[in-house]
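Structure, as structure tokens:
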Amino acid sequence: MNDPAAARTEPTRPRKMPERHRQHEFRRRRARVAVLVRAALIATGLVTVYYVLPLDGRSTGSTSALLVCGLVLVVVVFWWEVQAITHSPFPRLKAIETLATTLALFLVLFAGTYFLLEHSTPGSFSEPLTKTDSLYFTLTTLTTVGYGDIVARSQTGRVLTMLQMAGGLLLVGVAARILAGAVQAGLRRRGDEPPEDFSARPEG
């Protein structure tokens, strides 16, 4: 005859996680790694292209055309990625990848534009710009640090800098809101899938 007291003191065995939840957890971890790897590869690839491309010897008109085409490309890539978020099994992770891709492309575009401007119109900035200097100036402008060691002197340089500032604000505000909406649409599309991509743990 079983002893009720012994039964009460017997440790409770942890419930096993259902197979469906285990598979989803494995897919989620693999997706996290894939997002980090892809974001790093995209950023590295764009910076590599920036350093490898011969950007010397272009006129101011070519520089303006490059900037306009580049901004159009940024918008197209961003919109394409937003559509992909709504169909992704992990919308939040895809949104992180989209933001990293768009930001890297935006930074490289303006760095290349500053470099071309300085070489087509010397004196546009407070000192001659190498590609590293141009990328450095782009980053300090985006983060609003503004050390002051490199500043735009020409009217064209200042207009481009203001365009980058406005674009950075759009990335932080409007683009972030669009990404949040795409994530919510993706979560609704998944239906009965677990709603969290990062911290949720399925119950056993």
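For the reader, a short list of remarks on this structure follows.
- Test result for Gly186, buried (at least 17 other Cβ atoms within 10 Å of the Cβ) and in contact with a His (Cβ under 8 Å, 6 or more places away or on another chain): yes
- Cβ-Cβ distances below 9 Å connect the following pairs, each with a first residue in the range 31-44 that is open to solvent by 60 Å² or more (accessible area, probe 1.4 Å), a second residue that is not in a helix (DSSP H, G or I), and a separation of six or more residues or different chains: Arg32/Phe90; Arg32/Asp197; Arg32/Phe198.
- Pick from the range 172-183, criterion within 12 Å of Thr98 (Cα to Cα) and surrounded by fewer than 16 Cβ atoms within 10 Å (Cβ to Cβ), ranking: modelled with the lowest pLDDT: Ala176
- Selection status of Val37, under 30 Å from Pro89 (Cα atoms), at pLDDT 80 or above, assigned to a helix (DSSP H, G or I) and of a type in the set (A, V, I, L, M, F, W, C): yes
- Candidate set from the range 121-171 (those that are farther than 24 Å from Val74 by Cα and among the hydroxyl-bearing types (Ser, Thr, Tyr)); member that is most open to solvent (accessible area, probe 1.4 Å): Tyr147
- Test for Thr113: is it surrounded by 20 or more Cβ atoms within 10 Å (Cβ to Cβ) and modelled with pLDDT of 90 or more: yes
Table: residues versus (1) buried (at least 19 other Cβ atoms within 10 Å of the Cβ); (2) closer than 21 Å to Ser134 by Cα; (3) within 16 Å of the chain's Cα centre (by Cα).
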residue: Pro54; (1), (2), (3): no, yes, no
residue: Ser64; (1), (2), (3): no, yes, no
residue: Gly70; (1), (2), (3): no, yes, no
residue: Val76; (1), (2), (3): no, no, yes
residue: Trp80; (1), (2), (3): no, no, yes
residue: His87; (1), (2), (3): no, no, no
residue: Pro91; (1), (2), (3): yes, no, yes
residue: Ala100; (1), (2), (3): no, yes, yes
residue: Leu109; (1), (2), (3): yes, yes, yes
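Conditions tested, residue by residue: (1) closer than 30 Å to Val183 by Cβ; (2) without any contact (Cβ under 8 Å) to a residue 24 or more places away in the chain; (3) assigned to a helix (DSSP H, G or I).
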position: Leu55; (1), (2), (3): no, no, no
position: Ser62; (1), (2), (3): no, no, yes
position: Ala65; (1), (2), (3): no, yes, yes
position: Cys69; (1), (2), (3): yes, yes, yes
position: Val76; (1), (2), (3): yes, yes, yes
position: Arg92; (1), (2), (3): yes, no, yes
position: Ala104; (1), (2), (3): yes, no, yes
position: Gly123; (1), (2), (3): no, no, no
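The values are calculated or read from the model by the stated rules, or taken from the named source; none is laboratory data. Keep in mind that this is a model prediction, so the values were computed, not measured. As a convention, Cβ positions derive from the backbone with ideal geometry for all residues, glycine included, and neighbour counts pool all protein chains shown. Ligands, DNA and RNA are stripped out before the accessible areas are found, and what is left, the full protein with its side chains, is counted by its heavy atoms. Shrake-Rupley method; radii C 1.70, N 1.55, O 1.52, S 1.80 Å.
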